[in-house]
1. If I take R0 = 22 Å and measure r between the Cβ atoms of B:Asn22 and B:Glu120 in this structure, what FRET efficiency does the formula 1/(1 + (r/R0)^6) give, to the nearest 0.05?
2. Less than 15 Å apart at the alpha-carbon level, and either on another chain or at least 8 residues along: which aspartates and glutamates does that give for B:Lys21?
3. What's the long-distance tail for chain B, i.e. % of Cα pairs beyond 27 Å?
4. Given a cut-off of under 8 Å on Cα pairs at least six residues apart, what relative contact order in percent is computed for segment B:1-47?
5. How big is the Cα convex hull of segment A:1-47 in projection, averaged over all directions, in nm²?
6. Name the aspartates and glutamates eligible as straight-distance cross-link partners of A:Lys178: C-alpha to C-alpha under 16 Å, and not fewer than 8 places from it in the same chain.
7. Please give the residues of segment A:93-122, grouped as numeric ranges, whose backbone N is less than 11 Å from a label point set 7 Å along the Cα-to-Cβ vector of A:Lys59.
8. Once amide H atoms are placed 1.01 Å from N in the peptide plane, what residues at a sequence separation of 5 or more from B:Arg188, or on another chain, have their amide H within under 5 Å of its amide H?
2 protein chains.
Amino acid sequence: MDHIEDKRTAILNATLRLIAKNGFHGTAMAKVAKEAGVSAGSIYHYFDSKDTLMVELYKDIKRHFGETLTAQLDQTLPVPQQIRQMLAIMLRYYIHRPLESAFLEQFTRSPYFNPNIEAEVMRYYAPLVTAMEIAQRDMIIKNLPGPVIMAFTFDVATSLAQKHAAGYVTMTDDLIEKVIEASWEALRQ
Amino acid sequence: MDHIEDKRTAILNATLRLIAKNGFHGTAMAKVAKEAGVSAGSIYHYFDSKDTLMVELYKDIKRHFGETLTAQLDQTLPVPQQIRQMLAIMLRYYIHRPLESAFLEQFTRSPYFNPNIEAEVMRYYAPLVTAMEIAQRDMIIKNLPGPVIMAFTFDVATSLAQKHAAGYVTMTDDLIEKVIEASWEALRQ
DNA sequence: CAATACCGAATGAACATTCAATTTGGAGAG
DNA sequence: CTCTCCAAATTGAATGTTCATTCGGTATTG
């Protein structure tokens, strides 16, 4: 049933585009329907409610990034290089996906977000968590709680991606390298 | 005319509390009125519109932080110590003000936010900008664009403050010291 | 001929904003 | 000190709009 996935995906993509551009309170279901080229009623065939739609979109984005990270990461590399590689993948991924970055930044700060959703989504990040745990055990990086490590890696990446998209800064390859170096030096023991 | 300031301030504080708790699209003007103990109409005596109210609140918060930073910073200190001191002030300020952190995180990612507002607000941060420029000129910190420096300092501080408020992490004095150290090592040359 | 997908007008709730009417506070007159 | 008066402050019901969601019906598919 390919066309079903197509329509569901069209709704998710339309939502992504509108939220990135207009935020949550500028994004009505009728507008999503129009942008996706479906009727308003059809959205409710695929999603229970606006809340569900937003949460599903969040999970989709995180899952796709998790898969990309897992696929691109060379887990045979020494852990310090693995961490640098993860930083590079993260930064490039979100800088090339301004819509996803904008959505994530808004969603994770909104009341839609809650610990249960995050716990579910963290399953996609097994390699990242593993590498960080090994690195902490072997005294390669500082002994910091997960959320603090996230702040210096993932949050910096999405934050810079959004600033890049908004034109506050231009993330050239050279600058990306510098940011990876800075992130790494924040974490290293 | 003290009572005027009192009512205006009551409206701003009520808005802050509601946005921090319920986000932008959970915060109706009628609810702000009720929370502030005034009528809905009265809000429009002090503010042109909901947009204006939000923008004024943003400027107020940033101005107060700017004043605190300027007051607490010892500008006779050597620049590296000044930067560490700024990091400490920032982290403590926002960790002790979860409502302000939550509001800022949401506002700066929302469509209310725009470069003009930010340019205006940056005037409150003269000492910070000066210290960073001197530090860059003297090769004490990396030569990074302003927004990247902000990502490793201000953004990390508000992000951690919010995670602290949400219970994802507990920012003890010891951990705050570690974060200052990490931030500093990200920036230093 | 089911069952599923799809439509879009209809519904009622929630919303930001307005406004006519009322209250308040204080400056000046007596 | 008291009274008068007016501008500013305040009210909350009314307005018109926008919104998420529903639903009766039609099209499509296997």
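Any read-out appearing in this document is the output of simple, stated calculations on the displayed coordinates, not a laboratory observation. Everything numeric in this text was worked out from a predicted model, so none of it was measured. Cβ atoms come from the backbone with ideal geometry, glycine included; neighbour counts cover every protein chain shown.
1. On the way: r = 27 Å, r/R0 = 1.23.
Once the sixth-power term is evaluated, E becomes 0.20.
2. Leaving aside aspartates and glutamates fewer than 8 places away in the same chain, those within reach of B:Lys21 are B:Glu35, B:Glu100, B:Glu105.
3. Values: 6056 of 17766 pairs.
Pairs farther apart than 27 Å: 34 percent.
4. Numbers: 30 pairs, mean separation 16.8, N = 47.
Normalised by residue count, the contact order of segment B:1-47 is 36 percent.
5. Details: hull surface 11.7 nm².
If I average the Cα hull's projected area over directions, I get 2.9 nm².
6. Partners found: B:Glu185.
7. A:117-118, A:120-121
8. B:Lys142
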